[in-house]
Structure formats: structure tokens, C-alpha cells
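A short write-up of the structure that comes next.
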Amino acid sequence: MAESVIILRAPEPEDLELLYLWENDPEIWQVSNTITPFSKYILRQYIENSHLDIYQTRQLRLMIDVRENKSTLKTIGTIDLFDFDPYHHRAGVGVLIGDKTNRNKGYATTALKQLIDYCFGTLQLHQLYCNITVGNDDSLRLFEKCGFVITGRKTDWIRQGSTYAEELLLQLINKR
């Protein structure tokens, strides 16, 4: 399969409805450490402030667009840097492909590779990391395919109803 044309871009006001839908999906809360809904007001403020520098906000959200044809782009997800630490040159990474029908098509892989290039090339980071709940095999395959390796396991880390799940820590060290 040829790599899809994926474009990473800053959030726009037109993204408000999609972000509202995704941020308020309880299925996604488990992987994003969210337990309360987001208001449109808060999301609108976030979009309005998305022009601020990553060195100020310590985070960066980019929208993932896929080119459907020569003139049409479709927003299918987000990719985030969080816990950006300019002193230690590292950041956490999270990826969401919102609609399940767009998953397992290589879009997240292409977006993650682009983000890695940006982080190691432009931001000059030394490492990226992510946290993946045991059992989230699609995410695990995605990050391992892009070079991340499991470096830790957190026991009983994520509460899932009345039980707890383990969470894996994966890292990608810049060896460029």
C-alpha cells in the first residue's frame, strides 16, 4: 500500500465540532486520562490559543488531514505532543484517528513519522515517549512500527471500572 498523503496542521475554528465530538467520547477518555467532558467554550479558547509557541504552552496539537483527491482534504484525527520538556529535550506523544473506519489504513503511521521528523529535526528533541494500556494492540503496533521500544511496565496503573490495567511505557531515542 502506498503511503497516503497526510498533512499535519494547526487547529482551525472549523475544527471545533470534530474536537468537541472526539474530546467528549468516553471510549477515548480511557487512553487520554480524561474523566470529564470538555465544553465548546474551552475548546474554542484552546483553538484560539493554538498559535502560542510550544515553549510557552508545553504542548502542541496538530490536526491530521488526509488528501482524498487533488482538491479535498478530510480531517481524520489529531496528534499531540504533551509534557514538552525543553531542558531534557523530550515530549510525550498521543495519536487519535477519530472515526474507527479510518483506522488501520496507515494514516496514523504516516502522521507519527512526520511528527517524529519534526520533533527530532526542528525541535531537536532527544526522545519521545508514549504510554499504552496493555491490550491496546493497535497502538502498540503503531508505535513499535515507528521505532518505539517498551522500556517500562506500570502495574495496576489505569483504573477501568472496578479493575486496574497495566500500562506500558515506550520510548524513541533520537539517534540521528
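Read-outs throughout are calculated quantities, based only on the coordinates presented, and are distinct from any laboratory measurement. In this text, all values refer to a predicted model and were calculated from it rather than measured experimentally. As a convention, Cβ positions derive from the backbone with ideal geometry for all residues, glycine included, and neighbour counts pool all protein chains shown.
General remarks:
- 222 nm mean residue ellipticity, helices alone, for the chain (DSSP H n ≥ 4; -39,500 (n - 2.57); rounded to 500): -7500 deg cm²/dmol
- Under a model in which nothing but the beta-carbon of Lys, Arg (+1) and Asp, Glu (-1) is charged, the chain shows a dipole of about 440 debye around its Cα centre.
- Only Cα pairs under 8 Å and 6+ residues apart enter the sum, and on that basis the relative contact order of the chain stands at 18 percent.
- For the stretch 6-126, the calculated P(r) over all alpha carbon pairs, in 5 Å bins from 0 to the bin holding the longest distance, is 2, 10, 19, 24, 22, 15, 7, 1, 0 percent.
- The simple spin-label model puts a point 7 Å past each Cα toward its Cβ; for residue 136 and residue 70 those points are separated by 4.0 nm.
- With K and R counted +1 and D and E -1, the other residues having a Cβ less than 10 Å from that of residue 165 yield a net charge of -1.
- Reach of residue 145 by Cα under 27 Å, taken over lysines that are not fewer than 8 positions away in the same chain: 74, 100, 105, 113, 154, 175
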